[in-house]
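J.: Structure below; questions to follow.
Laboratory data are not the source of any read-out in this text; all were calculated from the coordinates shown. Everything numeric in this text was worked out from a predicted model, so none of it was measured. In this analysis, Cβ positions are derived from the backbone assuming ideal geometry, glycine residues included, and neighbour counts consider all displayed protein chains.
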Amino acid sequence: MEEKIVYFENQGEENTQKVIELTLQRARDRKIKKIVVASTRGGTAKAFLEAIKGTDIQIIVVPWQYGFKKEGNPFPSDLMEKIRAEKHVVHFGTMLFHTDGLYGNEVPQALANILRIFGQGIKVVVEIIMMACDGGWVSKGEKVVAVSGTHSGADTAVVATASNSNRVNTLKINEIICKPIL
C-alpha cells in the first residue's frame, strides 16, 4: 500500500482547512467513524462540526482540562452545547502529559518530550486519544483519526489504534496524514 503524507511548511491555523479535507478523506477511505479533535478555544471544533454535516462521522472534541492555565476553561460553553446537541462529544479530561511530579514521577513529562521530537502535534494527538479512550468515548483497539495543532488551528493528523493511558504501549500511530515540517 502506498499513501501520501502532507508536510506543511508552516505550523498552525493556516493549515486547518487542508487538514480537514485530508482527515475526512482518510476517514472515508479507512471507514473510520470517529475523529478526535484537540480544540482549546473552539475554532478547530467549529470548523470540523461544519465539515462533517451530512456524514456519519462523530467528532470527539478534547479541550484543555478545567483550570489548566487559569480558573475555568477557554472553550466556549455555547459551542459545547451546540456540539453535544448534534450528538457529538466534548470531553474535558485530565491532560495526561501535564501531571508534573504526580506521585514524585516525571515519566509523563519525559514521554511528552520524546513525542515532541516528532512535533508538538504528534504529542497532542497521542494525549487526546488516550484522554478520549479513558473517558469511554473511544474503545481500546478502535481505529480513529486524531487531529491537533501547534498554537492554534490544525496542522497535524494521524490514523491511530486507540488505547487507555494505563496501556500507552498498545496505542499505535498507524499512519501520519499530515504534519508541519520541523
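J.: In a shell of Cβ-Cβ distance under 14 Å around K33, excluding K33 itself, what net charge do Lys and Arg (+1) and Asp and Glu (-1) give? All intermediate terms of the calculation are to be shown ahead of the outcome.
T.: Numbers: positive: R26, R28, R30, K31, K34, K87, K143; negative: D29, D56, E142.
So the surrounding residues net to +4.
J.: Can you give the Rg to Rh ratio for the chain, taking only C-alpha atoms and Rh from Kirkwood?
T.: That ratio is 0.94, to two decimals.
J.: Which chymotrypsin sites (Phe, Trp or Tyr not before Pro) in the range 100-182 pass both tests, a DSSP loop state and at most 13 other beta-carbon atoms within 10 Å?
T.: Y103
J.: For the residues S165, S77, S39, S152, what sequence is obtained by ranking on other C-beta atoms within 10 Å, fewest first?
T.: S77, S152, S165, S39
J.: Check the straight Cα-Cα distances from K87 and name the lysines below 26 Å, setting aside those fewer than 8 residues away within the same chain.
T.: Answer for K87, where 26 Å is the Cα cut-off: K18, K31, K33, K34, K46, K53, K140, K143, listed by chain and number.
J.: Per residue of the chain, what 222 nm ellipticity follows from adding -39500 (n - 2.57) for every DSSP H run with n ≥ 4, rounded to the nearest 500?
T.: Rounded to the nearest 500, it is -10000 deg cm²/dmol.
J.: At a 10 Å Cβ-Cβ cut-off, how would you order M80, M1, M131, fewest neighbours first?
T.: Ascending number of Cβ neighbours within 10 Å: M1, M80, M131.
J.: Report, please, the projected area of the range 100-182 averaged over directions, based on the convex hull of its C-alpha atoms, in nm².
T.: If I average the Cα hull's projected area over directions, I get 5.6 nm².
J.: Looking at M130, Q109, S39, which one has the Cα that reaches farthest to the positive end of the dipole of the chain (charges on Cβ: Lys, Arg +1; Asp, Glu -1)?
T.: Value computed over the given set: M130.
J.: Could you work out the per residue convex hull volume over the alpha carbons of the range 1-91, in cubic angstrom?
T.: Once divided by residue count, the hull of the range 1-91 is 109 Å³.
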